[in-house]
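Enquirer: Encoded as structure tokens, here's the structure I'll be asking about.
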Amino acid sequence: MKFILLLSILDAAAAFTSPARLITTTKHPNHDHRLYSTYDTDSETTLIDIDEEAPRDIPSMEAWSYEMGAQRTDGFTLTTDDGGYNVYAMTNVDLPTGSPILTIPEHMILSSNKAMAELRTSDMSEAEKIVKSVNAESEFRHYYLMLKLLVEYEKGMESPWYQWMNSLPRYYTNAASMTPFCCLCLPSLMRKLTVQERGYLQRLGVSSIKMVPYLNEDTKYDVDLCTWVYQIVYTRSFETADGDLKIVPLADMFNHGAYPEVESSYDEEGNYYAYTTYDVPAGSPLRMSYGDPTNPSYLFARYGFLDESTEATFCKIIPEHINKDMEELGYAHNRMLFYKDGNVSEEVWDILLFQHVSSTKIGDKRALMEAHRSGDYATKQMLHEKYYENTSAMLLEHLESFLEQLEKLSSKAGERQTELGDHPRLPLILAHNEFVKQTFLAVRMQNFGY
């Protein structure tokens, strides 16, 4: 449903007054520098400074969004807890369920469909060949969004998206930004996800972009610039129902939440709308869902934050081979769960039982699958009780071995903490490992009493 947010002239002016200069202090995990924002149309700077230390110009972006036709409800505000590194949306008024929060006109939105329609010309064949040769054809939507951002970057202040791009972070803490040593400090699943994310970056980087005919030579070979636009696309674009990838300026300030306050939708013309999903009290963040909250490792690898609000996490049981029977029993990262309170999902016990009887009792394996398919809970429960001594021993062995692995990885990372200038993401990696450790310890305490 379309809506129009009616803002008084005074409210609009107050919300979008452009300060001459706003200076605060910010720190990221390894930096200490001044963050300043200016809205100065007479500036001689035409290209965006992409250095990790560069300031984020939030006030200019807000003024730009208003001028471009974005509308937001009273109470919507952008704030920061760390001096400007992480800027996010919140409300300073109570918002009832279903309240409109934002409306963003279609012309402000960047999309893969529009980027491909504009930039996928016949002379792009050589660049596309390289992307296909490294088996990255599935990433074409992301690739053309990256190219769109590079084209807009080259326009400098002539780009309609200059103020928005100049408000974006330059420093990231996700997998694509990690050093090789950082990867060595991650547990197996997180390391696998990190290798995957870094692989996307390598396949869509300079090797193919250097063949794009309409980019300047300086742009084509600028590894840092190509990495920056990659980060923007992979952390700020979301797929819509029609398969398009869209980046919605201003709405991209919604952080992730396991219990999101915000739901997004589009009308037939492609305009974006955000509404509250429940009653949101004043002072609350306004968050959307970036993905499955029970998979904090993926969220860390892709977006670079640790979601400690989740109630459960993947149990990290990764068999060498996963067959159809295991999938039928529920083997999936969002179902094989350890809970923060120490409970273990039914699917974990089912898979442990399946693994045990597969190697020892083929008849009981058949009985397990038949009971599962027919909904015969009594037979399944009988089998669980029959082999509990074995499956509980398997669970304990997994807990102990993984906790030992975490201890070694954290010790390795801790030894290099004095080298934060070379490995600035180590503190977050240590926090991730500690979060997983505490969940595993809770499971051990709940099930084994220590």
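The values are calculated or read from the model by the stated rules, or taken from the named source; none is laboratory data. Keep in mind it's a predicted model, so treat the numbers as computed, not measured. Reconstructed Cβ throughout: ideal geometry from the backbone, glycine too, with neighbour counts over all protein chains shown.
Enquirer: Just need a number here: residues in segment 78-115 that are assigned to a helix (DSSP H, G or I) and surrounded by fewer than 20 Cβ atoms within 10 Å (Cβ to Cβ). Break it down stepwise before answering.
Expert: Just the residues of segment 78-115 that are assigned to a helix (DSSP H, G or I), to begin with: 106-108, 112-115.
From what's left, surrounded by fewer than 20 Cβ atoms within 10 Å (Cβ to Cβ): 106-107, 113-114.
Of the residues in segment 78-115, 4 are assigned to a helix (DSSP H, G or I) and surrounded by fewer than 20 Cβ atoms within 10 Å (Cβ to Cβ).
Enquirer: Tell me which of these residue 333 doesn't satisfy, since it passes every other one: (1) closer than 19 Å to residue 187 by Cβ; (2) modelled with pLDDT of 95 or more; (3) not charged (D, E, K, R).
Expert: (2)
Enquirer: When you go through (1) among the acidic types (Asp, Glu); (2) more than 30 Å from residue 238 (Cα to Cα); (3) exposed (fewer than 14 other Cβ atoms within 10 Å of the Cβ) one by one for residue 328, which number turns out not to apply?
Expert: (2)
Enquirer: Kindly establish whether residue 239 is closer than 19 Å to residue 295 by Cβ, loosely packed, with under 15 Cβ neighbours inside 10 Å and either within 18 Å of the chain's Cα centre (by Cα) or aliphatic (A, V, I, L, M) (or both).
Expert: Here the answer is yes, as residue 239 does meet what is asked.
Enquirer: Would you tally the residues in segment 198-215 being farther than 16 Å from residue 121 by Cα and at pLDDT 95 or above?
Expert: 0
Enquirer: Can you find a residue in segment 425-434 that is touching a Phe, Trp or Tyr at 6+ places or on another chain (Cβ under 9 Å), modelled with pLDDT of 95 or more and either more than 28 Å from residue 325 (Cα to Cα) or not assigned by TED's automatic domain parsing to the domain that holds residue 190 (or both)?
Expert: no
Enquirer: State whether the residues of segment 402-424 include one that is among the β-branched types (Val, Ile, Thr), in the same structural domain as residue 329 (by TED's automatic domain parsing) and either under 20 Å from residue 307 (Cβ atoms) or buried (at least 16 other Cβ atoms within 10 Å of the Cβ) (or both).
Expert: Scanning segment 402-424 turns up no residue that is among the β-branched types (Val, Ile, Thr), in the same structural domain as residue 329 (by TED's automatic domain parsing) and either under 20 Å from residue 307 (Cβ atoms) or buried (at least 16 other Cβ atoms within 10 Å of the Cβ) (or both).
Enquirer: Next question. Could you say whether any residue in segment 262-284 is without any contact (Cβ under 8 Å) to a residue 12 or more places away in the chain, surrounded by fewer than 19 Cβ atoms within 10 Å (Cβ to Cβ) and among the small types (Gly, Ala, Ser)?
Expert: The initial filter retains those residues of segment 262-284 that are without any contact (Cβ under 8 Å) to a residue 12 or more places away in the chain, namely 265, 268.
With surrounded by fewer than 19 Cβ atoms within 10 Å (Cβ to Cβ) added as a condition, the list becomes 265, 268.
Among the residues that remain, those that are also among the small types (Gly, Ala, Ser) are: 265.
Yes, because at least one residue in segment 262-284 is without any contact (Cβ under 8 Å) to a residue 12 or more places away in the chain, surrounded by fewer than 19 Cβ atoms within 10 Å (Cβ to Cβ) and among the small types (Gly, Ala, Ser).
Enquirer: Let me ask something else. Residue under question is residue 79, and the condition is that it be among the polar types (S, T, N, Q), touching a residue at least 24 places away in the same chain (Cβ under 8 Å) and more than 28 Å from residue 215 (Cβ to Cβ); does it hold? Quick ask: steps written out before the conclusion?
Expert: Values: among the polar types (S, T, N, Q): yes; touching a residue at least 24 places away in the same chain (Cβ under 8 Å): no; more than 28 Å from residue 215 (Cβ to Cβ): yes.
No: the conditions fail for residue 79.
Enquirer: Select, from 259, 303, the only residue that is out of contact with any helix residue (DSSP H, G or I) (no Cβ under 6 Å at 6 or more places or on another chain) and at pLDDT 90 or above.
Expert: Answer to the check: 259.
Enquirer: Looking for something of a type outside the set (Lys, Arg), closer than 25 Å to residue 78 by Cα and at pLDDT below 95 - is there at least one such residue anywhere in segment 173-185? Working first, answer last.
Expert: Going through segment 173-185, the residues of a type outside the set (Lys, Arg) turn out to be 173-185.
Filter again for closer than 25 Å to residue 78 by Cα, leaving 173-174.
Next cut, at pLDDT below 95 only: 173-174.
Within segment 173-185 (the criterion being of a type outside the set (Lys, Arg), closer than 25 Å to residue 78 by Cα and at pLDDT below 95), the answer is yes, since at least one residue qualifies.
Enquirer: Go through segment 150-204 and give me each residue that's part of a loop (DSSP other than H, G, I, E, B) and either among the hydrophobic types (A, V, I, L, M, F, W, C) or in contact with a strand residue (DSSP E or B) (Cβ under 7 Å, 6 or more places away or on another chain) (or both).
Expert: 161, 168, 171, 178, 185, 186, 204 - these are the residues of segment 150-204 that are part of a loop (DSSP other than H, G, I, E, B) and either among the hydrophobic types (A, V, I, L, M, F, W, C) or in contact with a strand residue (DSSP E or B) (Cβ under 7 Å, 6 or more places away or on another chain) (or both).
Enquirer: Do any helices (runs of 4 or more DSSP H) entirely within segment 295-407 hold 3 or more residues that are more than 29 Å from residue 201 (Cα to Cα) and without any contact (Cβ under 8 Å) to a residue 24 or more places away in the chain, and if so, which?
Expert: On the way: elements: 296-303, 324-329, 346-360, 362-374, 377-386.
Qualifying helices (runs of 4 or more DSSP H): 346-360, 362-374, 377-386.
Enquirer: Follow-up. Considering (1) under 26 Å from the mean Cα position of the chain (by Cα); (2) at pLDDT below 95, say which one residue 359 fails and leave the rest.
Expert: Of (1) under 26 Å from the mean Cα position of the chain (by Cα); (2) at pLDDT below 95, only one is false for residue 359: (1).
Enquirer: Another question, if that's okay. Exactly one condition in (1) surrounded by 15 or more Cβ atoms within 10 Å (Cβ to Cβ); (2) farther than 16 Å from residue 183 by Cα; (3) out of contact with any strand residue (DSSP E or B) (no Cβ under 7 Å at 6 or more places or on another chain) is false for residue 439; which is it?
Expert: (3)
Enquirer: Right, here's the next one. Search segment 303-325 for residues being within 30 Å of residue 75 (Cβ to Cβ) and among the charged types (D, E, K, R), and hand back the single one that is surrounded by the fewest Cβ atoms within 10 Å (Cβ to Cβ).
Expert: If we take residues in segment 303-325 being within 30 Å of residue 75 (Cβ to Cβ) and among the charged types (D, E, K, R), then 308 is surrounded by the fewest Cβ atoms within 10 Å (Cβ to Cβ).
Table: residues versus (1) of a type in the set (A, V, I, L, M, F, W, C); (2) closer than 23 Å to residue 70 by Cα.
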{"position": "226", "(1), (2)": "yes, no"}
{"position": "230", "(1), (2)": "no, no"}
{"position": "239", "(1), (2)": "no, yes"}
{"position": "247", "(1), (2)": "yes, yes"}
{"position": "252", "(1), (2)": "no, yes"}
{"position": "255", "(1), (2)": "no, yes"}
{"position": "259", "(1), (2)": "no, no"}
{"position": "268", "(1), (2)": "no, yes"}
{"position": "280", "(1), (2)": "yes, yes"}
